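Here the structure comes first, spelled out in structure tokens, and everything after it is commentary.
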4 protein chains.
Amino acid sequence: MSPKVSDAYKEERRAAILEGALQCFADKGYPATTVDDIVRRLGISKGALYNYFASKEEMFTALMEERMERLIVGVKGERYDTIPDAAGKLSLIMRRFQRQALQELRPLLAFYLEFSLQASRREELRQVMLRHEETAVAFIREVIEEGIRSGEFRPDLDSGEAASLFWALRDGIALQFIGSGEDEQYQVLMRGMERMLLLYANKRPEG
Amino acid sequence: MSPKVSDAYKEERRAAILEGALQCFADKGYPATTVDDIVRRLGISKGALYNYFASKEEMFTALMEERMERLIVGVKGERYDTIPDAAGKLSLIMRRFQRQALQELRPLLAFYLEFSLQASRREELRQVMLRHEETAVAFIREVIEEGIRSGEFRPDLDSGEAASLFWALRDGIALQFIGSGEDEQYQVLMRGMERMLLLYANKRPEG
Amino acid sequence: MSPKVSDAYKEERRAAILEGALQCFADKGYPATTVDDIVRRLGISKGALYNYFASKEEMFTALMEERMERLIVGVKGERYDTIPDAAGKLSLIMRRFQRQALQELRPLLAFYLEFSLQASRREELRQVMLRHEETAVAFIREVIEEGIRSGEFRPDLDSGEAASLFWALRDGIALQFIGSGEDEQYQVLMRGMERMLLLYANKRPEG
Amino acid sequence: MSPKVSDAYKEERRAAILEGALQCFADKGYPATTVDDIVRRLGISKGALYNYFASKEEMFTALMEERMERLIVGVKGERYDTIPDAAGKLSLIMRRFQRQALQELRPLLAFYLEFSLQASRREELRQVMLRHEETAVAFIREVIEEGIRSGEFRPDLDSGEAASLFWALRDGIALQFIGSGEDEQYQVLMRGMERMLLLYANKRPEG
DNA sequence: CATGAATGAGTCTTCATTCAT
DNA sequence: AATGAATGAAGACTCATTCAT
């Protein structure tokens, strides 16, 4: 007799399950994660879980569809919009990535990589992945175009290409640290990435 | 006195199995690939396979150790050593990657990413991965140091960092194209990578 | 909120599985018994079995620990403690063994010998076996010491040695009848054993 | 063109294989022994082995049929027949068993036990086993009857029963030491066995 | 005769999913 | 809805036996 409440409750429950599944997938990988792992972590029963998801795969796909953006792009900070110059914005974004300790980054990276891999093999997921990439590229591209318009960056810079390289660098660095490596070394590379990109984007110094 | 077949035969057999396993791992991922998949693809029996490899994992590891080695070292072409300048060498290396059609490259890339992923979760594989990374970085680092010594690259360039960024870029670009994407766009990015790196090393591109 | 079946049910189930396993091990021997054999005999699924035991070996061990215990302790009948003299107790114990028809005894004997055999080759089982032997020897030894204290048995009798000989005789006789042999002949030997032991303990049989 | 030589050679070969198989079966048990184990120990090829025996089982059966007696009864020593009294003969036989170190005894005991077990399950082997037991019992029985005739042992002694108890004791003691235990303790029990049996057989001291 | 690579049925074990309660 | 015991189809790996050389 309280369908509204029930719906909210169900939504909450579903989200909680997804959260637990995400942790498990990140920890052990999708195939290695058992449904028992997930229910154990959540302290619920298998029957309960299967009330919300028809299969383990459905959880994976749902995570991909619903969490992907939140996972990777959650960068726009509170004060992001107050930064006047494009280079500053890019720097802020990269600093965000740097600040995150590797320890907490790793599971998510692993999960992201797993997503990419799975997506490369299954058409339905590929679409999700593509959409995500486009969002990510568009986000950076906008900043770069802002920089080109304002004269901070060289006018012949291909904003799409540069945005792709941005993400390539970020992902490639992440990949190097997915298994092991020190925070310090990670930050060195992230700073290198920053310098390299700004150098690439900038009007040539004295050109 | 005879099925003591030649060592060459056995080596060939082993290589064929590895090749089949690579295809399977690339297609479906390591955990999702069954030994039956591999065996079926090769048209041999399970026993035959287990004559050459003690476990599925051993194939996976061997592939990483032997195949990826080849991928890197295979870059050193016939005329590689005759190139006088470091920038030229780097360019050649990157051109190599560009020349390979994505279609051929994808299985290898997928395998490589898959290995990274698995390696992030299992100590034995991590060691193999680390060794591979060291080899790869050292290879590029050497070229960069040559460039620094010759004055082509700026003297304050950190060769290790630059080499890591090199591979980060390459891997990140690869990641973007694992699932889909056009050869043309891929080559655009690879050229972007080349320009960006040389600029970073302070070697102005001819343009 | 329910297939959380009662503990009693689970205990029953577990016992039933053990019973089936015992029959199989006795019939075909431990290594030759497949989990499928056990499951087929019980009419359950493999998954069900593995809900109760983590491995085939665990069943084997549990059987030794729980069943054989019962075999020994089960000898202590209701009126066992009311018997005043040690010789009477020993006799009772031996009569127990005699009373059991060979047909019933055989599977247990076969299992016991099988366990001894396997235990001779695997450390984990050896421990279980040792514990069992100690329990068994201690049980008889106590009775013998009681007899020594009461003067029924000669004072220089080594109770440990005698207890070992007791079990050696029983096991040796069992071994002779595992495969074939008549109940009658079995009982003749068991009576011989009784006389021999009491004579050795220096308690002249009535005869 | 030399069938006689060839036959001898073949017989030798066969015997060698059987010997190797015996060692393996004793070490690891029949089911756990692989044909590869046997072949490796002998330094021959599988094809060679299968020229002499049609199956692993055939080796086991052949061993049982051909080696059984040699294994257990090889007791009649050089000077055995010169001993005048029955008790002395029995003692000598038991001393033989005692002298053998447990370490070398164990594999054979394990094998013997395995035989018994297998024999209890398969009709063809049961016959072999029975014949062996009869031989063994008859051997001891003869000595005992000699003792009865000479007045050393009590006239009402049932020689068959006593012989069976003899072997039961010996096998039971062996069983106790199959997995572990010290030589010293083993010898203590064997001496206990000797005393117990002679006491049982003897005219009652002063009756 | 000897060789040992190849075969493939068979082994134990796991785990996604179902369903009686 | 929730529970968790039960199911049974895989999965990785083994090994007795065969057979081309």
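With Cα atoms defining each centre, the stretch C:85-163 and the stretch A:1-59 are spaced 55 Å apart in the structure.
Averaged per residue, what accessible area in Å² does the stretch C:2-154 show with a 1.4 Å probe, protein chains only?
On the way: 7540 Å² over 153 residues.
Here the per-residue accessible area is 49 Å².
Pair-distance distribution of the stretch A:93-207: all C-alpha pairs, bin width 10 Å, starting at 0; shares per bin in whole percent are 13, 38, 33, 15, 1.
Cross-link pairs exceeding 20 Å between alpha carbons, from the set A:Lys56/B:Lys28; C:Lys56/D:Lys46; A:Lys46/B:Lys56; B:Lys46/C:Lys56; A:Lys28/C:Lys10: C:Lys56/D:Lys46; A:Lys46/B:Lys56; B:Lys46/C:Lys56; A:Lys28/C:Lys10.
Given R₀ = 41 Å, FRET efficiency for A:Asp85-A:Arg41 by Cβ-Cβ distance, to 0.05?
Values: r = 45 Å, r/R0 = 1.09.
Efficiency for this residue pair is about 0.40.
Each copy carries B:Thr82; placing its label point 7 Å along the C-beta direction from Cα gives inter-copy distances of 6.3, 9.5, 11.0 nm, listed from smallest up. Remark: the stretch B:7-91 is approximated by an ellipsoid whose semi-axes, taken from the C-alpha gyration tensor as √(5λ), come to 33, 15, 9 Å, largest first.
Report, in debye and to the nearest 20, how large the dipole of the stretch C:60-200 comes out about its Cα centre when Lys and Arg carry +1 and Asp and Glu carry -1 on their Cβ. Please report the intermediate quantities before stating the final value.
On the way: 19 positive and 24 negative charges, 45 e Å.
Around 220 debye, computed over the stretch C:60-200.
GNM remark for chain B: springs join alpha carbons under 10 Å apart, and the peak mean-square fluctuation among B:Ser159, B:Ser180, B:Ser91 falls on B:Ser180.
Distances between copies at B:Arg195, taken between label points 7 Å from Cα along the C-beta direction, are 2.2, 10.2, 11.0 nm in increasing order. Each copy carries a label point for B:Arg41 at 7 Å from Cα along the beta-carbon vector; from one copy to the others these points are 3.0, 4.1, 4.3 nm apart, nearest first. Residues considered: C:Thr61, C:Thr34, C:Thr82. Largest GNM mean-square fluctuation over chain C, using C-alpha springs under 10 Å, is found at C:Thr82. Interface residues of the stretch B:158-186, defined as those losing at least 50 Å² of solvent-accessible heavy-atom surface relative to the isolated chain (probe radius 1.4 Å), are listed as B:Glu161, B:Leu165, B:Ala168, B:Leu175, B:Gln176.
Exposure check, 1.4 Å probe, all protein chains in place: A:Cys24 carries approximately 10 Å² of accessible surface.
The GNM of chain C, with springs linking C-alpha atoms under 10 angstrom apart, assigns the highest mean-square fluctuation among C:Arg41, C:Arg195, C:Arg79 to C:Arg79. The H on the amide N of D:Gly181, modeled in the peptide plane, is under 5 Å from the matching H of no residue at least 5 residues off or on a different chain.
Where nothing but the Cβ of Lys and Arg (+1) and of Asp and Glu (-1) is charged, how large is the charge dipole of the protein assembly as shown around its Cα centre, in debye to the nearest 20?
With only Lys, Arg, Asp and Glu charged at Cβ, the dipole is about 420 debye.
Between amide H atoms placed 1.01 Å from N, distances below 5 Å from D:Asn202 occur with D:Arg154, all of them 5 or more places distant or on a separate chain.
Counting every Cα pair in chain A, what percent are over 20 Å apart?
Working: 13583 of 21321 pairs.
Summing the P(r) of chain A above 20 Å gives 64 percent of all pairs.
Compared with the rule-of-thumb size 2.2 N^0.38 Å for a compact globular protein, the stretch A:1-53 has a Cα radius of gyration ratio of 1.23. Could you tell me what percent of the accessible area of the protein assembly as shown is made up of carbon and sulfur, with a 1.4 Å probe and every protein chain present? In the protein assembly as shown, the share of accessible area belonging to carbon and sulfur is 49 percent.
One quarter of the convex hull surface built on the alpha carbon atoms of the protein assembly as shown amounts to 54.3 nm², the projected area averaged over directions. Accessible surface for C:Leu63 stands near 0 Å², nearest 10, in the context of the full protein assembly shown (1.4 Å probe).
When the accessible areas of A alone and B alone are added and the area of the pair subtracted, with a 1.4 Å probe, the result is around 3400 Å², both sides summed.
Residues of the stretch B:110-127 whose accessible area (probe 1.4 Å, heavy atoms of protein chains only) drops by at least 50 Å² once all protein chains are present, relative to their chain alone: B:Leu117, B:Arg121.
The values are calculated or read from the model by the stated rules, or taken from the named source; none is laboratory data. What you are looking at is a predicted structure, and each value in this text was computed from that prediction instead of being measured. With ideal geometry, Cβ positions are generated from the backbone for all residues, glycine too; neighbour counts draw on all protein chains shown. Note: areas computed on protein heavy atoms with side chains; ligands, DNA, RNA excluded. Shrake-Rupley method; radii C 1.70, N 1.55, O 1.52, S 1.80 Å.
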